[in-house]
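Here is the structure we will look at, set down as structure tokens.
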Amino acid sequence: MSHPQLLTPEEKLADAKQQLGLPPVVVICGSTRFMAEMTEADLRETAAGRIVVKPGCDMKSPHALWSDPAEAEALKVRLDDLHRAKIRLADEVLVVGDYVGDSTRAEIAYARSLGKPVRFTHPEVDPDA
């Protein structure tokens, strides 16, 4: 008697996306200094028929939500966790900008550890190139 192979959560997600007929999901990564470029990449990826997720907060710009330093630090931790969840959800990663800092480098390594394809608007900044 053979037992059915149990699917991993990642395989279940991929299967559900396929059954729902969802287009590919791309997550935009990069320094928030490139928010304008992220918006342009979002437009281009959306026009190409992809679902786009990207950073939703630019903590380098002043805002009441992160005006208190202690609250800002806690929010940054939550946003980093949320962005890793976006990477898990996505089918591929698009790194925007001509600079890759420590946070983006960690996101690229995380995506690659999950087997996600990673594209770059500036391929010369690929830390593994």
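Summary of values
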quantity	calculated
In the stretch 5-129, lysine pairs with alpha-carbon atoms under 24 angstrom apart (chain gap of 8 or more, or interchain)	14
Within a Gaussian network of the chain (alpha carbon springs, distance under 10 Å), most fluctuating of Val52, Val77, Val95	Val77
Accessible area of the chain divided out per residue, in Å², using a probe of 1.4 angstrom	64 Å²
3J(HN,Hα) from dihedral phi, the stretch 74-83, Karplus parametrisation 6.51/-1.76/1.60, rounded to Hz, x for glycine, proline	5, 5, 4, 4, 5, 5, 4, 4, 4, 5
Listed values (i) -0.66, -0.80, -0.94, -1.17; (ii) -0.56, -0.70, -0.86, -1.23; (iii) -0.60, -0.77, -0.94, -1.27, entry calculated as log10 I(q)/I(0) by the Debye sum over Cα atoms at q = 0.13, 0.15, 0.17, 0.21 Å⁻¹	(iii)
Nonlocal amide H pairs with Gly97, under 5 Å, H built at 1.01 Å	Thr121, His122
Largest to smallest principal axis extent of the C-alpha atoms in the stretch 1-66, angstrom	62, 30, 17
Highest-fluctuation residue, Glu11, Glu37, Glu45 considered, GNM on the chain with Cα pairs under 10 Å	Glu11
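The values are calculated or read from the model by the stated rules, or taken from the named source; none is laboratory data. Everything quoted here is computed from the prediction, not taken from an experiment. Quick note on the areas: whole protein, heavy atoms, side chains included, nothing else; ligands and nucleic acids left out. Shrake-Rupley method; radii C 1.70, N 1.55, O 1.52, S 1.80 Å.
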